[in-house]
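Step one of this worksheet: look at the structure below.
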Amino acid sequence: MKTAVLCLAVFLLAGCKDNGIETPMPIPVDQLLAVPTSLRVEGKSLYLATDIWRNFMPGSRSTLIALIFVSTADSSQFPATVSADAVWIVYYSEVWSSYFTDEQIPPDPQRPDRYARFARGGPLWEPGVKVDVIVRVYDGLHMPHLLRATEQSIGAPE
């Protein structure tokens, strides 16, 4: 059992390169779609929410942008020891994976229950399609966990 947990941890922590850009280790689609939609970490039940869109404004590259929110289920303070570093977005059998950007998202005083991160430069999937989003979350001991949000819509700003 310990060996299996160690192998999973190594697998989740490893990365690879895609066109010279560091990306998280590929995970098979069936395993991504089996990831739970809630997670208990640091004594808190966590869930995932997203805001995903393509920017069609003139001068933009029109690539997929994902704003990810990991939140406490009871709206209590988000644990300061919990973080996230990577995202996998599944559209049918296609998977786009990315590390989150270094952009600092200021805490929202109205929403102390959530942690937010950006991923940019995603695929050119059409607005209106549904995707599953999986995020790698680390607990206070820096152990990785995966968390999923299902049937998230890709939008387009008006």
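The table for this structure:
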quantity	calculated
Number of the exception - Ala73 against (1) out of contact with any Asp or Glu (no Cβ under 8 Å at 6 or more places or on another chain); (2) buried (at least 16 other Cβ atoms within 10 Å of the Cβ)	(2)
Odd one out for Ala119 among (1) surrounded by 20 or more Cβ atoms within 10 Å (Cβ to Cβ); (2) closer than 19 Å to Lys44 by Cα	(2)
Scope the stretch 27-54; condition touching a residue at least 60 places away in the same chain (Cβ under 8 Å) and not in a strand (DSSP E or B); matching residues	Ile27, Val29, Leu32, Leu33, Val35, Pro36, Thr37, Ser38, Glu42
Verdict on Pro107 being at pLDDT below 95, within 14 Å of Phe69 (Cβ to Cβ) and out of contact with any Asp or Glu (no Cβ under 9 Å at 6 or more places or on another chain)	yes
Criterion violated by Thr63 - all others in (1) at pLDDT 95 or above; (2) farther than 15 Å from Val90 by Cα satisfied	(1)
Qualifying positions in the stretch 127-151 - closer than 16 Å to Pro36 by Cα and among the basic types (Lys, Arg)	Arg136, Arg148
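The values are calculated or read from the model by the stated rules, or taken from the named source; none is laboratory data. For clarity, every value in this text was computed on a predicted model and none was experimentally measured. Glycine also receives a Cβ, built like all others from the backbone with ideal geometry; neighbour counts cover every protein chain displayed.
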